[in-house]
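Peer 1: Handing you a structure now.
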Amino acid sequence: MAKGTAAVILVILIIGAISGYFFYTRYVQGTVVLSISDPPQTQPGSGGQYDPSILHIYLTFARMEIHQGGLGNPSNSSWYTIVGSQKTVDMISVLTVPETLGSARLATGTYDELRFPVSAAVVTFSNIGNVTYTMPSGFLKVSVTGGGFQSSPGATVNLRLTLSFDDNEILAMNGRLTPHATAQIVT
C-alpha cells in the first residue's frame with residue numbers, strides 16, 4: 001500500500017514538474033525592444049554621412065517581425081510581430097540618436113532574424129525635392145549577429161537594427177536603394 005501511494009505521489013510530482021517546465025518556458029516571457037539607427041560613416045571629402053544635398057531619407061515599414069529559431073521550417077508560425085503598424089523613419093534623424101520602433105513580449109527561446117517589408121523609400125534633395133526609390137524585393141531579412149539572442153523570463157533584450165545606404169547609389173537616382181543592414185544586441 002505504501003509503495004502504491006509513493007508511486008502515485010511520484011507520478012504526480014513528475015507530471016507537475018514537466019507541466020511547470022513547459023508553462024515556465026512557453027508562457028513566462030521576456031521582452032525585446034527594437035530600435036533603429038543609421039551608423040555614422042563619414043564620406044570621403046565631406047563632413048557627414050551623406051551628401052549635403054540629401055535632406056531626408058524616409059523609409060516606411062509596414063510591420064517588423066522576429067523569427068524564433070529552432071522551430072524547423074521558418075514558416076509564418078515561427079515569426080512574431082514587434083511593430084504591427086506602419087511606421088515611417090527619417091534615417092537622417094537617426095544618425096546620432098537611435099529611435100525606438102517598438103517592443104514585444106517573447107516566449108523563452110532563441111531569436112535569430114528580423115524581417116520587414118519596406119513599403120516606401122523617399123529621399124528629399126535640397127535642389128529637386130522628393131525622389132522615390134524601391135528596395136530589392138521590397139522585403140528585407142536581417143540576421144541577428146552572433147547567432148541571435150536568448151529570450152528568458154523577465155529579461156529585456158535591446159536589439160538595434162542599423163541601416164545605411166551608399167551615398168553614390170542615392171545620388172545616381174537610378175530608382176533603387178540597396179541597404180546595408182545588421183541587427184545586434186546593445187547594452
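Peer 1: Skipping prolines and chain starts, which residues have an amide H placed within reach, meaning under 5 Å, of the one on ASP166, given they are 5 or more residues away or on another chain?
Peer 2: HN-HN under 5 Å from ASP166: THR178.
Peer 1: Once the Cβ-Cβ distance between GLU169 and THR100 is put in as r, and R0 is 41 Å, what FRET efficiency do you end up with, to the nearest 0.05? Don't jump to the answer; show the numbers that get you there.
Peer 2: Details: r = 28 Å, r/R0 = 0.67.
That pair, GLU169 with THR100, gives E of 0.90.
Peer 1: Would you mind checking which residues have amide H under 5 Å from ARG63's amide H? H placed 1.01 Å from N; only 5 or more apart, or other chain.
Peer 2: It is none; the list stays empty.
Peer 1: For segment 81-187, what does the convex hull of the Cα positions come to per residue, in cubic angstrom? Write out the running numbers ahead of the final one.
Peer 2: Values: hull volume 12.4 nm³, N = 107.
Per residue, the Cα convex hull of segment 81-187 comes to 116 Å³.
Peer 1: For a distance above 19 Å, tell me the whole-number percent of Cα pairs in segment 133-187 that qualify.
Peer 2: Result for the distance tail: 44 percent.
Peer 1: Same structure again: Once the Cα atoms of segment 55-116 are picked out, what are the Rg and Dmax in Å?
Peer 2: 13.8, 44
Peer 1: Extending each Cα 7 Å along its Cβ direction at SER152 and THR134, get the distance between those two points in nm, one decimal.
Peer 2: Here the answer is 4.6 nm between the modelled labels.
We did not get these values from a lab; they are worked out from the coordinates using the rules stated. These figures come from a predicted structure and were not determined experimentally. A quick note on method: Cβ atoms are made from the backbone with ideal geometry, for glycine too, and the neighbour counts reach across all protein chains shown.
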